[in-house]
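Worksheet for the structure shown next.
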Amino acid sequence: MTGLKAFVVALTFALAPSGSALAQNFGSIALKPGETKTVSIFGIGGYQRVRVCNDLQSLGAVKVTIRPRDPRVLQPGLCTEDSGDRIEFVNQGSGQALVEYNSAPGGGGFGMFGD
């Protein structure tokens, strides 16, 4: 095996376990009352632009922080959009909340330091 082939094989095995740790730029989060969850959205290009919405069926407000930006409190049916490397969700209501996050239209990476 040549040096380059050995390097590619070693790199493949080194990166394989981290597959589940890669950023996910879309999804939904169900939160119990008072629950906090954080997801990584860091991409190859650095910060990612995302749109986060609190579902109309949620039973209260959710505090959403697209890090390193300022937190936003979303009542059911409201959305926010910004760029960052992770999202923190905090259910501030007395019932379950469902929050969805997706790549923002025209989104994508903004480099290591965002915009």
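Throughout, read-outs are computed from the coordinates displayed, never taken from laboratory work. The model shown is predicted, which means the values in this text are computed figures rather than measured ones. When we count neighbours, we look across all protein chains shown, and the Cβ atoms used for this are built from the backbone with ideal geometry, even at glycine.
Quick notes on this structure:
- Additional length obtainable on full extension of the chain from residue 57 to residue 103, 0.36 nm per residue less Cα span: 14.4 nm
- Seen from residue 52, the other residues with C-beta closer than 15 Å to its C-beta sum to a net charge of +1, counting Lys and Arg as +1 and Asp and Glu as -1.
- Taking every C-alpha pair closer than 8 Å and separated by at least 6 residues, the mean separation divided by the residue count of the range 20-103 gives a relative contact order of 43 percent.
- Normalising the Debye intensity of the range 20-103 to I(0), with uniform scatterers on Cα atoms only, and taking log10 at q = 0.12, 0.14 Å⁻¹ returns -0.29, -0.39.
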